[in-house]
Amino acid sequence: MNYLRARTVEEALARLGAHPRPRIVCGATDVFADATLVPSRFEWLDISRLDALRRIERGDGMVSVGAACNWEAIAGTPWLPASLTQAAGYVGSRQIRIQGTVGGNICHASPVADGVPALLSLDAQVELASLRGVRRLPLADFVLGSGRTALHADELLTAVLFALPRTQDRTAFVKCSNRDGPAIAVVSAAVHLRLCARGTVRAAAVAVGGASEVAVRMRAVEAALLERRCGDAIDALALASFDELAPIDDCRGTPAHRLHLARVAVMRALAHCIEDSAHGASIA
Ligand SMILES: Cc1cc2nc3c(=O)[nH]c(=O)nc-3n(C[C@H](O)[C@H](O)[C@H](O)COP(=O)(O)OP(=O)(O)OC[C@H]3O[C@@H](n4cnc5c(N)ncnc54)[C@H](O)[C@@H]3O)c2cc1C
């Protein structure tokens, strides 16, 4: 039999530590769509029923989202940062959101994965387990390129971790697609903004997806926003450098179009954060 549905994390890790190494499958929404992955040619390890990987927890200011959490559960958790719940709500149709998981989204490492920019802007880390132990890596160091990650062959992504934004912080996610309704992003952007009481930007984290081989933290944009008052922040953004992007070229958009959309998406996400802050909307 070339298929094992793991009942515990320990069983999954034991199988990943043995040969021949299985391929991990969770919601199968990316795996199923890959014509090269003929089911009978590979060993499969199904982790979709591992309750330990389906928890969304918070404690000591930290959030842990289990790798097998689906997008519907994430979108429906009101205390999670708005950027993450908004990104979750944009993934595919409801069927895809019920089936697809955050771990699968990260490990598939598509340049247009909706979850990655939101998590990058939250400075998320990934937790990786194997029989050798557990290690943590910044998400930015985990996704190496289109379809490439730092996951070792015997490792399982078990959770995504990040600090819960402060009460006065604001976050937002904007997705630009070529049509209304469920559609893959051309470009997406996530912003995590910390404003002081007088409306000055104290800290900003900005990430853009779909405009490079991997989603990118926009350090020059973040620097341009620092210490700006809200109204000035939008103006500063219009002049900020987007040179950190190396836009991809495919059927969904040319590099020039993607570069244009990146600025628009960041501008809109920033504006959402500022508006939420002005209206005293709750976290984050
Ligand atoms: C019709 C359709 C629409 C879609 N729309 C969107 C969209 O709008 N936005 C978007 O971002 N994505 C979209 N997707 C892609 C996909 O649904 C998401 O990326 C989803 O989150 C993948 O999760 P999964 O559990 O189904 O992954 P799977 O297909 O099970 O796995 C994907 C990859 O990750 C690996 N993997 C999975 N879990 C782990 C783990 N815990 N540890 C290590 N490796 C792991 C697998 O081995 C595989 O290589 C769409 C897909 C389809 C088919």
| message | What is the distance in Å between the Cα centroid of the stretch 231-253 and that of the stretch 141-189? | response | 18
| query | When the chain is treated as a GNM, springs tying every alpha-carbon pair under 10 Å, which of Leu80, Leu270, Leu151 comes out with the largest mean-square fluctuation? | reply | Leu151
| request: Could you work out the local net charge near Ala205, counting Lys and Arg as +1, Asp and Glu as -1, over the other residues with Cβ closer than 11 Å to its Cβ? | output: 0
| For the residue pair Glu213 and Ile96, what label-to-label distance in nm results when each label sits 7 Å from Cα along the Cα-to-beta-carbon direction? | 2.4
| message | Under 8 Å for C-alpha pairs, at least 6 residues apart: give me the relative contact order for the stretch 169-278, rounded to a whole percent. | response | 29
| task | First select every other residue whose beta carbon is under 12 angstrom from the beta carbon of Gly89; then total the charges, Lys and Arg +1, Asp and Glu -1. | result | +1
| message | Helix-only estimate, please: 222 nm mean residue ellipticity of the chain, summing -39500 (n - 2.57) across DSSP H runs of length 4 or more and dividing by its residues, to the nearest 500. | response | -8500 deg cm²/dmol
| remark: Expressed in square angstrom to the nearest 10, the accessible area of Tyr90 with a 1.4 Å probe stands at 110
| said: So with the 1.4 Å probe, I'd like the accessible area per residue for the chain, rounded to whole Å². | reply: 46
| said: If I stretch the segment between Glu43 and His152 completely, what's the gain in nm (0.36 nm per residue apart, minus their alpha carbon distance), one decimal? | reply: 37.6 nm
| Charge sum, other residues only, whose C-beta stays under 9 Å from Gly17's C-beta, Lys/Arg counted +1 and Asp/Glu -1 | +2
| message | What figure, in Å² to the nearest 10, do you get for the accessible area of Asp141 with a 1.4 Å probe and non-protein molecules left out? | response | 80
| note | So for the stretch 38-150, using the alpha carbon gyration tensor with a ≥ b ≥ c as root eigenvalues (a/c under 1.5 gives rounded; past that, a/b versus b/c decides prolate or oblate), I'd call it rounded
| Rounded to the nearest 10 Å², the accessible area of Arg252 at probe 1.4 Å | 80
| note | Classified through the alpha carbon gyration tensor (a ≥ b ≥ c as square roots of its eigenvalues; rounded if a/c is under 1.5, else prolate when a/b is larger than b/c, else oblate), the stretch 171-278 comes out prolate
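R0 = 30 Å: FRET efficiency of Arg202 with Ala246, Cβ-based, nearest 0.05? Each step should come with its number before you reach the end.
Working: r = 30 Å, r/R0 = 0.99.
So the FRET efficiency works out to roughly 0.50.
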| Using Cα atoms only, what is the angle between the long axis of helix 255-278 and the major principal axis of the chain, expressed in degrees (0 to 90) to the nearest 10? | 70
| How do Glu11, Glu275 rank by accessible surface area computed with a 1.4 Å probe, from largest to smallest? | Glu275, Glu11
| task | Mind running the shape call on the chain? Use the C-alpha gyration tensor, a ≥ b ≥ c as the square roots of the eigenvalues: rounded below 1.5 for a/c, prolate if a/b tops b/c, oblate otherwise. | result | prolate
| message | Need one number: nm distance between label points at Tyr3 and Val134, each 7 Å from Cα along Cα→Cβ, rounded to one decimal. | response | 3.1
| Carbon and sulfur together cover what percent of the accessible area of the chain at a 1.4 Å probe radius? | 52
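The values are calculated or read from the model by the stated rules, or taken from the named source; none is laboratory data. Predicted model only: the values in this text are computed from it and were never measured. Cβ sites come from the backbone with ideal geometry, for glycine too, and all protein chains shown count toward neighbours. Just so you know, the surface numbers come from the protein's heavy atoms only, side chains and all, with ligands and any DNA or RNA stripped out. Shrake-Rupley method; radii C 1.70, N 1.55, O 1.52, S 1.80 Å.
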